[in-house]
């Protein structure tokens with residue numbers, strides 16, 4: 001079957017799908033630069049072998065509909081061309097300081113779960129901007145990435161969905177265009193134009209990504225095991241970002257000093273990563289946690305988990321916005337650390353760094 005390949009073909013509905021397509025995208029852990037990146041610093045992340053999976057099939061019984069099922073959330077919805085057009089218009093004309101337009105859309109379309117909106121928005125964008133023939137397709141999304149724990153579960157699903165739809169419709173775009181399209185899902189989820197930058201890029205490229213040069217893959221092909229620690233529910237990233245902003249506004253000099261020290265540690269950690277100096281890299285991991293705790297974005301349970309890891313000879317820090325949720329630990333005895341963490345009431349599992357991102361499905 002011939003697949004037509006094109007880009008920037010707005011309003012020209014084209015593209016075909018093979019019988020079925022499966023795409024996976026890796027989860028993301030933040031190594032360095034948490035919060036400081038919002039104040040001009042740099043951030044470094046790694047992809048890990050926890051993944052979302054997107055399965056796309058032809059739906060000959062509903063050729064005029066796009067069906068999306070979020071299997072883990074037991075949520076399903078279907079969209080026709082009119083639905084996608086309405087969503088596109090709402091999103092394209094959005095007020096970037098408010099999510100009111102999205103709330104209005106959801107209220108008028110009660111069958112659309114809020115969790116469905118990121119994927120639906122991406123589909124609408126591809127349909128209207130690139131003429132992607134997303135109709136007549138059934139999409140199922142599942143994931144083993146812990147939700148709301150700081151491992152970019154939403155960005156991972158948005159990345160896999162975007163790559164899957166591009167592969168299904170035969171559209172060829174640049175890496176940066178693909179990353180930006182996948183970020184539409186994060187912009188909707190987090191009500192922020194800057195959302196998802198490093199998370200989506202890392203899940204797309206795989207390996208290690210820094211925000212230097214706008215979010216690029218670091219040429220480091222080193223793999224090691226990371227212990228993922230679940231310390232329990234976390235506060236929203238938006239809440240933790242707001243907390244730091246309030247500090248910054250009330251005591252700019254002191255807060256900026258903390259941010260500067262986090263950024264210095266980030267640069268040292270990135271240099272160590274590039275040189276494959278695991279000793280210095282691990283020291284920077286621990287130092288970053290100390291600085292984030294000083295910034296006030298850790299939590300009692302995160303602190304306890306980090307201390308337990310430290311006693312076991314590991315190097316640990318929170319991952320993401322903080323305020324609870326996930327932590328990462330680097331150790332040469334992962335199985336022992338996992339047992340100790342579970343004995344202390346924390347969830348824990350081992351995940352290897354993934355050098356392959358969702359991009360491989362388009363190559």
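The values are calculated or read from the model by the stated rules, or taken from the named source; none is laboratory data. What you see is a predicted model, and the numbers here were worked out from it, not measured in a lab. Every residue, glycine among them, receives a Cβ derived from its backbone with ideal geometry; neighbour counts consider all protein chains shown.
Here are the numbers for the structure shown:
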read-out	value
Members of the range 60-75 found to be touching a helix residue (DSSP H, G or I) at 6+ places or on another chain (Cβ under 8 Å) and under 18 Å from residue 122 (Cα atoms), listed by number	64, 66, 68, 70, 75
Residue 89 vs. criteria part of a strand (DSSP E or B), closer than 27 Å to residue 128 by Cα and either out of contact with any strand residue (DSSP E or B) (no Cβ under 9 Å at 6 or more places or on another chain) or not assigned by TED's automatic domain parsing to the domain that holds residue 241 (or both)	no
Wholly within the range 177-243, strands (runs of 3 or more DSSP E) carrying at least 3 residues that are buried (at least 17 other Cβ atoms within 10 Å of the Cβ)	208-210, 225-234
Tally, over the range 136-175, of residues that are within 30 Å of residue 232 (Cβ to Cβ) and under 14 Å from the mean Cα position of the chain (by Cα)	19
Qualifying residue in the range 114-130 (condition: surrounded by fewer than 19 Cβ atoms within 10 Å (Cβ to Cβ), modelled with pLDDT under 95 and under 16 Å from residue 83 (Cβ atoms))	yes
Test: residue in the range 183-199 that is at pLDDT 90 or above and more than 24 Å from residue 95 (Cβ to Cβ)	yes
Checklist (1) modelled with pLDDT under 95; (2) under 23 Å from residue 38 (Cβ atoms); (3) over 23 Å from the mean Cα position of the chain (by Cα) applied to residue 318, failing item	(3)
